[in-house]
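Chemist: Can you read through this structure? Questions will come right after.
The values are calculated or read from the model by the stated rules, or taken from the named source; none is laboratory data. Small disclaimer: the values here were computed from a predicted structure and weren't measured. No Cβ is skipped: glycine too gets one built from the backbone with ideal geometry, and neighbour counts run over all protein chains shown. Just so you know, the surface numbers come from the protein's heavy atoms only, side chains and all, with ligands and any DNA or RNA stripped out. Shrake-Rupley method; radii C 1.70, N 1.55, O 1.52, S 1.80 Å.
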Amino acid sequence: MGERYDLMVKNGTVVLPGDVVQTDVAVRDGKIAAIAADLSAGAAAAAIDAEGCLVLAGVIDAHVHFNEPNFGHWEGFATGSAALAAGGCTAYVDMPLNGNPPTVSLDALREKERLAAGRSAVDYAFWGGLVPWNLNRLRELHDAGVAGFKAFLSDPGGEGEGRFREVDAATLRAGMERIAAFGGLLALHAESEGMTSRLAQRARADGRTGARDFAASRPVEAELAAVAEALALAEETGCRLHFVHISSPEAVRLAAEARRRGQDVSLETCPHYLTLTEDDMALLGPVAKCAPPLRDAARREELWALVLAGGVDLIASDHSPCPQAMKTAPGLTFFDAWGGIAGGQSTLELMLEEGWVKRGMPLPALSALLSANPARRFGFYPRKGEIAVGFDADLAIVDPSRPRALSRGELRQRHPHSPYIGRRLSCKVVATYCRGTLVYSEQDGIVAPGAGMRLQPE
């Protein structure tokens, strides 16, 4: 009697680490057990025919805001993970800041774990936070398995005592020293608070509160100043560094220079910086507001050139949802509206459209940005991130010939607003498997709403 499998994915166009081949993928006990042409479907308990479809490693979204505890009415683990699953994502790392309390202590992390258990459709991990008052708690968070620590160099906003706060230079240095001592990773929102607060205050005082005024209050120079400051401190302290949501090609080049000097630094950009511009922000309104803000079309294309050349380490959504009223309530200026783009469900489809279809990016390179590279950087490799024997059977099945305009009805996040509604796409995620379990299908929706498991970095 030959090999027996739990699942067989037949005849798909499979995106492997260095190649794209039409082959079969067999799964046993949640792991990829075989990759070969003409495997017998009869050797599996279940089989699907993926002919005509792409089979990619599930996306690992290293930057989402699900906002629990106590802000699940913005987005929670159940709805947020459902949106990701519908977009071909099989794992995510949840940011620490918008919950109450934020994830800056061991007790807060345990509460996050409790709320996610049995409610996430796909696998998950957590970021810890670095804030001015928790330097003595960093090690315990690291030992409890956070993927790294998030800090802000500019005011993250929010209200109330104990909210997540930006760090000053002294806290940043002290935090880097402690994180370096135990081999952790620091992720930074890099915008200069001194520059952005001064420009925003001046704009408000002058009554300049539109979309372009907001963009002007957070210029590329503010990003560059913060990146340069952080790189200098990281070089002094030996701290491993990751820059989140980099918006400008100039900042990518600064990080590249630091790598050439031997620094351990990585960076991500986001689909919105690769698909939208400042003009779109002015046209669409607060649904396209984010920080750093969207840039001009020339910078978008420069950023794409760097992505195609391998200068960007990974792509993450920065899915940052809120109730609709926080974007559009009467009387809100663009400055007042919540700053966050809700786009986690669309990452894979957008990047296939803009990267592979329009710019000819090889599928293995695109898959590395979305899956293998985040798995490597945040400690989930070699368990996750690639279609290879022995890896978790995390698979996104995509029909590459499904032209449509993205509709509001497709969105599975709690509040279905997105700057991508109405955007033309030619690829559609039709099924998502997490460790060999079907968690989403186009026909039936989310079919395993609590299938996700907590990931521990290795």
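Chemist: Given the pairs Lys112/Lys150; Lys10/Lys384; Lys150/Lys384; Lys150/Lys327; Lys31/Lys384, which span a C-alpha to C-alpha distance of over 18 angstrom in this model?
Modeler: As for pairs spanning more than 18 Å Cα to Cα, those are Lys10/Lys384; Lys150/Lys384; Lys150/Lys327.
Chemist: In whole angstrom, note down how far apart the Cα centers of region 424-457 and region 165-198 are.
Modeler: Value for the Cα centre distance between the two parts: 35 Å.
Chemist: So for the pair Val20, Arg423, with labels modelled 7 Å out along Cα→Cβ, what separation do we get in nm?
Modeler: My value for the distance between the label points is 2.0 nm.
Chemist: Could I ask something else about it? How large is the Kirkwood hydrodynamic radius of region 291-390, in angstrom, based on all distinct alpha carbon pairs?
Modeler: The answer is 15.8 Å.
Chemist: Further, regarding this structure: Can you work out the FRET efficiency for the pair Asp143 and Arg173, with r the C-beta to C-beta distance and R0 = 22 Å, to the nearest 0.05?
Modeler: Here the calculated transfer efficiency is 0.50.
Chemist: Lys358: accessible area at probe 1.4 Å, nearest 10 Å²?
Modeler: Here the accessible area works out near 120 Å².
Chemist: Calculate the FRET efficiency for Lys31 and Arg359 from the Cβ-Cβ distance with a Förster distance of 35 Å, rounded to the nearest 0.05.
Modeler: 0.55
Chemist: Treat each spin label as a single point 7 Å out from the Cα along the C-beta direction, and report the Arg212 to Arg454 distance in nm.
Modeler: In this crude spin-label approximation the distance works out to 5.0 nm.
Chemist: Below 10 angstrom from the Cβ of Ala125, what's the summed charge of the other residues (Lys, Arg +1; Asp, Glu -1)?
Modeler: Net of charged neighbours comes to -1.
Chemist: Stick to the Cα atoms of the chain, pair each with every other, and give me the Kirkwood hydrodynamic radius in Å at one decimal.
Modeler: Roughly 22.1 Å, rounded to one decimal.
Chemist: Tell me which residues come under 5 Å, amide H to amide H, from Asp6 once H is placed; ignore anything under 5 positions away on its chain.
Modeler: Hits under the 5 Å cutoff: Val27, Arg28, Asp29, Ala45.
Chemist: Another question about this same structure. Quick check: the distance between the Cα centres of region 64-85 and region 94-163, to the nearest angstrom?
Modeler: 14
Chemist: Could I ask something else about it? If you take the beta carbon distance between Ala298 and Ser197 as r and set R0 to 25 Å, what does 1/(1 + (r/R0)^6) give as a FRET efficiency, to the nearest 0.05?
Modeler: Computed FRET efficiency for Ala298 and Ser197: 0.40.
Chemist: Follow-up. How far is it, in nm, from the label point at Arg260 to the one at Thr328 when both lie 7 Å from their Cα along the line to the Cβ?
Modeler: The modelled label-to-label distance comes out at 4.8 nm.
Chemist: Would you work out what percent of the accessible area of the chain, with all protein chains in place, is carbon or sulfur (probe 1.4 Å)?
Modeler: Percent of accessible area from carbon and sulfur atoms in the chain: 49.
Chemist: Report Thr171's accessible area, 1.4 Å probe, all protein chains in place, as a number in Å² to the nearest 10.
Modeler: 20
Chemist: Once each part is reduced to its C-alpha centroid, what is the distance from region 314-343 to region 14-29 in angstrom?
Modeler: Going from one Cα centre to the other spans 38 Å.
Chemist: While we're on this one: Per residue, what accessible area does region 404-446 have, given a 1.4 Å probe and all protein chains present, in Å²?
Modeler: 41
Chemist: Output the relative contact order of the chain, whole-number percent, from Cα pairs under 8 angstrom with separation of 6+ residues.
Modeler: The value is 22 percent.
Chemist: Any chance you could run the full-extension gain for Asn100 through Arg114? It's 0.36 nm times the residue separation minus the Cα-Cα distance, nm to one decimal.
Modeler: Working it through step by step, the gained length comes to 3.6 nm.
Chemist: Sort 411-418, 40-47 by packing, meaning the average of other beta carbons within 10 Å per residue, with the highest value first.
Modeler: 411-418, 40-47
Chemist: Using the Cα atoms as the points, what is the convex hull volume per residue of region 72-190 in Å³?
Modeler: Residue-normalised Cα hull volume stands at 109 Å³.
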